[in-house]
1. Please tell me the relative contact order of the range A:3-144 in percent, rounded to the nearest whole number, where contacts are Cα pairs under 8 Å and at least six residues apart.
2. In square angstrom, rounded to the nearest 10, how much accessible surface does B:D370 have for a 1.4 Å probe?
3. Sorting B:Y309, B:Y67, B:Y260 by accessible area (1.4 Å probe), largest first, what list results?
4. Are there GluC sites (Glu not before Pro) in the range A:1-106 that DSSP puts in a loop and that have at most 15 other Cβ atoms within 10 Å, and which ones?
5. How about the range B:373-406: which of its residues lose at least 40 Å² of accessible area in the presence of all protein chains relative to their chain isolated, using a 1.4 Å probe?
6. Filter chain B for me: DSSP H helices, axial length by Cα at least 15 angstrom, mean Kyte-Doolittle hydropathy not below 0.0. List them by residue number.
7. Are there any residues in the range B:340-364 with a reduction of at least 40 Å² in accessible surface when going from the isolated chain to the assembly of protein chains? Probe 1.4 Å, please list them by number.
8. In terms of the Cα gyration tensor, with a ≥ b ≥ c the square roots of its eigenvalues, is the range B:50-293 rounded because a/c is under 1.5, prolate because a/b exceeds b/c, or oblate?
Amino acid sequence: MSSNLDQLYRQVIMDHYKNPRNRGELDGALTFNLNNPTCGDRIKVSMEIEDGKIKEAKFEGEGCSISLASASMMTETIKGLPVEDALKLSNIFSEMMLGKEYDEGDLDLGDLEALQGVSKFPARIKCATLAWKALEKGVNQKEEE
Amino acid sequence: MISKEIRKQFPILDQEVNGKPLVYLDSAATSQKPISVIETLDHYYKNDNSNVHRGVHTLGTRATDSYEGAREKVRHFINASSMEEVIFLRGTTTAINTIASSYGRANVGEDDEIVITPMEHHSNIIPWQQLAKQTGAKLKYIPLQEDGTIDLSDVENTITEHTKIVSIMHVSNVLGTINPIKEIAKIAHKNGAVMVVDGAQAAPHMHVDVRDLDCDFYAFSAHKMCGPTGIGVMYGKKKLLENMEPAEFGGEMIDFVGLYESTWKDLPWKFEGGTPIIAGAIGLGAAIDFLEQIGRDEIEKIEHELVEYAMERMSAVEGLKIFGPEKRAGLVTFNIDDVHPHDVATVLDAEGIAVRAGHHCAQPLMKWLDVTATARASFYIYNTKEDVDALIDGLKTTKEYFGHVF
């Protein structure tokens, strides 16, 4: 098997796919749905935001290993973070997906770093960023309110 | 031409992808192009390029002759009565949209019905949804049998005297189902409706005789039948086309233009506003020459043998679920264990094998199948049994790989 594939399907990714963290929905929280129109994947992210902090985050949906693992990792990482930092992480994650140099600064990507291999598979980048786009849309919508 | 000879005509197939020989199994999305089509386009741009139907210079005459010559090839290919019934448009999607907006808006009203099926491609659903919304007409679906076929008694029960348009795909891009268009057209006509056929997956692969089918409209795209992208055909019966308004207005399609009123050219040009898709049509003509040189009986035979072999070998792969009926066109849609089709396609791609993964522009059908997505291997004249063998090996690798990482 090619080593590129092994870079894509890292053990930790498969673990999140098989045992997703924070799967479910939060009642009365800010929820946002996003579809990947090219493949039919569907991710719903819900967050409880208090005093500008993400107190709780969950996801629900159907999708491939990459999109579900990314959603699972994202909810793990953003829990407890100020909304601003979550958005910063989202940008860092996008840079990483484009194969660019990125600087984590004080933030910690955690397991998300395992998704680096996706950048070598352009067709799969949308899978990995789906949950993040839902997060961004959700937060932006809340700000507009 | 035997299979190996045919394959040699497609230069793109002779390459490695990810270090493995390319196995192209995505022809239902778009087919590859033979050297004759590529050279025809090259020749046209190097020697004859000019605008058509205007001017008196030599290049203009050459371009016009080639463009109209392609129309005659299409007429013959689908056995239309006359060239006036062959309209060049951008593709199947544009053709169906044109039928819906031009014929539909003029002939469908509030108490009328439009009848389609849940297996349709989005391009044969949304134009009718929009027409139904605009006119207040009712959009109805012929239910499917469990194996993804249509039962004529359901057709009888769905189409009524209020039905004005019936629009159905000739061959399903997901299930491979070959629909009984001729019989459905009879039922449509008995009720006073017109029969529209989405032929995108049929025209490249089988005999299409619009007079025998007795359909009123037939739409297909060149790029799925060895031709270039950006060109397709809207066939319509002359008496219907004559009474339809053009969908686009501008140059090329006019007879006389005044300050406040204009009149249109005759058929087929009144539907071809703007500089037409000249090179595209000429490329389509070359594609038809190529397909007719092989012969459609031979094309059907090659694909039939391939899909039979693929079905036999794929059925033997444990954990692999195949969608669609036993009797099918040259494609196999499947899912494998719990591996998401996107992941299947990525692992296959690493092996040089190109398949499609996703909803195949058929979200209502995915819902009907109760899946979010599927993978699809589709075959064409240049594929061989070795390609099927490579697919089977790739599927085994996929299973092993995901069995291993789980």
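1. 29 percent
2. About 130 Å², ignoring ligands and nucleic acids.
3. B:Y260, B:Y309, B:Y67
4. Sparse-neighbourhood loop GluC sites (Glu not before Pro): A:E25, A:E101, A:E104.
5. Listed by number, the residues meeting the 40 Å² cut-off are B:Y401, B:V405, B:F406.
6. Span-like helices here: B:278-294.
7. B:H340, B:H342, B:D343, B:T346, B:H359
8. Values: a/c = 2.29, a/b = 1.41, b/c = 1.62.
Here the range B:50-293 falls in the oblate category.
The values are calculated or read from the model by the stated rules, or taken from the named source; none is laboratory data. Quick caveat: nothing in here was measured; it's all calculated off a predicted structure. Glycine gets a Cβ as well: all are built from the backbone with ideal geometry, and neighbour counts include every protein chain shown. Keep in mind that these areas ignore ligands, DNA and RNA; they rest on the heavy atoms of the full protein, side chains included. Shrake-Rupley method; radii C 1.70, N 1.55, O 1.52, S 1.80 Å.
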